[in-house]
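See structure below.
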Amino acid sequence: MKILNVLEAAVKEGVKALYHETFDKSITLSQTRKEFEGDYTVVVFPFTKIAKKKPEQIGEELGQYLVDRVDELSSFNVVKGFLNLKFHDSFWIDFLHSVLKDEQFGKFPSNGQKVMVEFASPNTNKPLHLGHIRNILLGWSTAKILEAAGYDVVKTQIVNDRGIAICKSMLAWQQFGKGTTPESTQVKGDHFVGHYYVKFEQAFQNEYRTWQQSEQGKKIFTEKKKDGDDEVIFFNSYKNNYFNEYSSIGKAAKAMLINWEENDTSTRNLWQQMNQWVYDGFETTYKKLGVHFDSALYESDTYLLGKNIIDDGIAARKFYKKEDGSIWIDLENHKLDKKLVLRSDGTSVYITQDLGTADMRYNEVGFDKMIYVVGNEQDYHFAALFATLKELGRSYADGLYHLSYGMVNLPEGRMKSREGTVVDADDLIADVINEAKKNTQAIGSIADMPKEEQENIFRQIGLAALKFFILKVNPVKNMVFNPKESVDLQGQTGPYVQYSYVRANGVYQKGIQEGVDFEEALNYMNLQSQEKDLIAQIFVFPSILEEAAKSYDPANIANYCYDLAKLLHKFWHDVQILNANEKGATAFRLLLCKAVAQILAQALDLLGIEVPKRM
């Protein structure tokens, strides 16, 4: 990419030399559009005020200046206010050879900055589901991209392992479990515990329906209903009130939470045992997805953090106390509202512990950036958290970023944990692998391989389908994941890109087997357009990586992979490789295939995707 810096400097020098005035703004330099001849385009409109000439004339004068002085340029043309510059074929050929010598091409050297990426952050009352998969894949890929961009990355999660939801599954196991365990039932630990979370909800709903028909329920309906409410509308909205005020199973769950907070031995032992079942299950799923963490925090250890920050904030007059004793902060100057930071009874809210956790992490790790990968339903929470930390004068506050993402559903519709209609991550992983298996077996291309190797390829293809389909979508957008579409070898999918890698690597390996003399490539000097297009796409890989790191958006990498794969297929269709009419062309094109395979493997790795040997 150094040539782009050379060009930018040369453009500024040219403007000063031709028009006797310094242009100190950035130069707009981009790849030339396909319908025009050229490699890179300079927009000359910004120079009209300095030159006092028409854009077309400026383009002609500046183009000639650049061609005369930049050795890599061969020619130029002007289309209205756009100066299209073309490089010599020798530039692209030399560049390709430099890529082949650099297995780390595209990656940036260390920039000395540390970034912490928090993702996954599951609850220990249920298994990981499709929503968690989007979170995990975004977090993992973002971390990989930041590492490749030169950051020292710490991957972490905070596990929500306490609270009323956890107690619901504990109580249901006590009432309905009859002493069974994941081992005795042969059920994965997180699925086992999640079953009892659903059992609690079912028991609660049965109790609630019975109560609605009781004298007390009918009396409450008569007293509190609004005009136009029928019983269904009223009781749908009254469910939380019932849980908190009348439900016997609700009271039992809340009593268990109190026992937990008071360190009751039997409650804590049950909590530790059931959480361990879930942790074991989570770890199995993480391994399936190919992710791991450098550290983890647990809400049971952090939920009391932050209260000292509240005290300090009151002393510094950043917080204020209401008559009921609750503590608030006014964030209106951040275009937010007034935010509760401590309840009137002195108990924490989520922002309280998040303030404390942020301080603790910064003191322990000393990060320059902290990325929170959390769904968009928490947009307000993180805006308030970051604004509060700025008000408190935290030096690290400007480095905080909420990587917000939209909802992901299946074609069948939305999922709900308590009703047990969530698609578990493990089931979804098994589903895409099975789809990959069916498709691959139908083709029969790897039927000669040992069964174990076949199964590994089915796994690689299935996971590529899942990861690519999710990561190709900009995080802010809601999306629908379709398992059958994700494994299509013809669409914008992971298997399509994997197949491109297999194809490029396969023909290169065949060239080696046939004894091709790769030194002959040095005699190849005149590029076909399809060859140059492929090399030019490889050329922009570092800038794509840089943009993905800057925007925290793996979709940049996924879409780059697809574009490179499409160009490879066009090249494959249009140009002879092993049967080229000269040895130099064959050798050069095989090396080009090797470079494409190299870049595809690197780019897919940034998405957490493996490349198979065969497909």
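The table below gives the values:
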read-out	value
The lone exception for Q490 - which of (1) modelled with pLDDT of 95 or more; (2) farther than 30 Å from G375 by Cα it fails	(1)
Residues satisfying the stated conditions in segment 467-496, i.e. outside any loop (DSSP other than H, G, I, E, B) and more than 19 Å from Q441 (Cα to Cα)	K467, F468, F469, I470, L471, M479, V480
Segment 352-364 residues that are in a helix (DSSP H, G or I), paired with ones that are of a type in the set (G, A, S) (beta carbon under 7 Å, 6 or more apart)	T352/G306; Q353/G306; L355/G306; G356/G306
Residue in segment 16-38 that is modelled with pLDDT of 95 or more, assigned to a helix (DSSP H, G or I) and in contact with a Ser or Thr (Cβ under 8 Å, 6 or more places away or on another chain) present	yes
Test: T357 is within 28 Å of L146 (Cβ to Cβ), touching a helix residue (DSSP H, G or I) at 6+ places or on another chain (Cβ under 6 Å), at pLDDT below 95 and of a type in the set (V, I, T)	no
Residue within segment 507-517 that is closer than 20 Å to I3 by Cβ and without any contact (Cβ under 8 Å) to a residue 40 or more places away in the chain present	no
Any hit, segment 331-347, residues being touching an Asp or Glu at 6+ places or on another chain (Cβ under 7 Å), part of a strand (DSSP E or B), of a type outside the set (A, V, I, L, M) and more than 25 Å from Q157 (Cα to Cα)	yes
Residues satisfying the stated conditions in segment 294-330, i.e. among the hydrophobic types (A, V, I, L, M, F, W, C), surrounded by fewer than 18 Cβ atoms within 10 Å (Cβ to Cβ) and more than 19 Å from R162 (Cα to Cα)	I314, A315, A316, W328
Residue match in segment 259-266 (condition: surrounded by 13 or more Cβ atoms within 10 Å (Cβ to Cβ), touching a residue at least 12 places away in the same chain (Cβ under 8 Å), of a type outside the set (A, V, I, L, M) and touching a Gly at 6+ places or on another chain (Cβ under 6 Å))	no
Enumeration of residues in segment 73-107 that are part of a loop (DSSP other than H, G, I, E, B), in contact (Cβ under 8 Å) with a residue 40 or more places away in the chain and crowded, with 16+ Cβ neighbours inside 10 Å	F105, G106, K107
Some residue of segment 154-175 being in a helix (DSSP H, G or I) and free of Cβ contacts under 8 Å to residues at least 12 places away in the same chain	no
Matching residues in segment 136-145 - criterion: being closer than 17 Å to L463 by Cβ and surrounded by 23 or more Cβ atoms within 10 Å (Cβ to Cβ)	I136, L137, L138, G139, W140, S141
Of residues in segment 219-254 being at pLDDT 95 or above and either in contact with an Asp or Glu (Cβ under 8 Å, 6 or more places away or on another chain) or under 20 Å from E299 (Cβ atoms) (or both), the one surrounded by the fewest Cβ atoms within 10 Å (Cβ to Cβ)	S248
Options N505, N482; residue that is modelled with pLDDT of 95 or more and either surrounded by fewer than 17 Cβ atoms within 10 Å (Cβ to Cβ) or closer than 30 Å to H97 by Cβ (or both)	N505
Number of the exception - K438 against (1) surrounded by 14 or more Cβ atoms within 10 Å (Cβ to Cβ); (2) assigned to a helix (DSSP H, G or I)	(1)
Close pairs from segment 1-26: first outside the structural domain of I538 (by TED's automatic domain parsing) and surrounded by 15 or more Cβ atoms within 10 Å (Cβ to Cβ), partner outside any helix (DSSP H, G or I) and aromatic (F, W, Y), Cβ under 7 Å, at least 6 apart	L7/Y40; K12/F23; V15/F23
Condition met for S30 (closer than 28 Å to D89 by Cα and in contact with a strand residue (DSSP E or B) (Cβ under 8 Å, 6 or more places away or on another chain))	yes
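Each row is one residue, and each column tells you yes or no for (1) surrounded by fewer than 23 Cβ atoms within 10 Å (Cβ to Cβ); (2) polar (S, T, N, Q).
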| residue | (1), (2) |
| --- | --- |
| N526 | yes, yes |
| Q530 | yes, yes |
| V540 | yes, no |
| S543 | yes, yes |
| E547 | yes, no |
| S551 | yes, yes |
| P554 | no, no |
| D563 | yes, no |
| L568 | no, no |
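The values are calculated or read from the model by the stated rules, or taken from the named source; none is laboratory data. Nothing here was measured: the structure is a model prediction, and the numbers come from that model. FYI the Cβ positions are ideal-geometry reconstructions off the backbone, even for glycines, and counts take in every protein chain you see.
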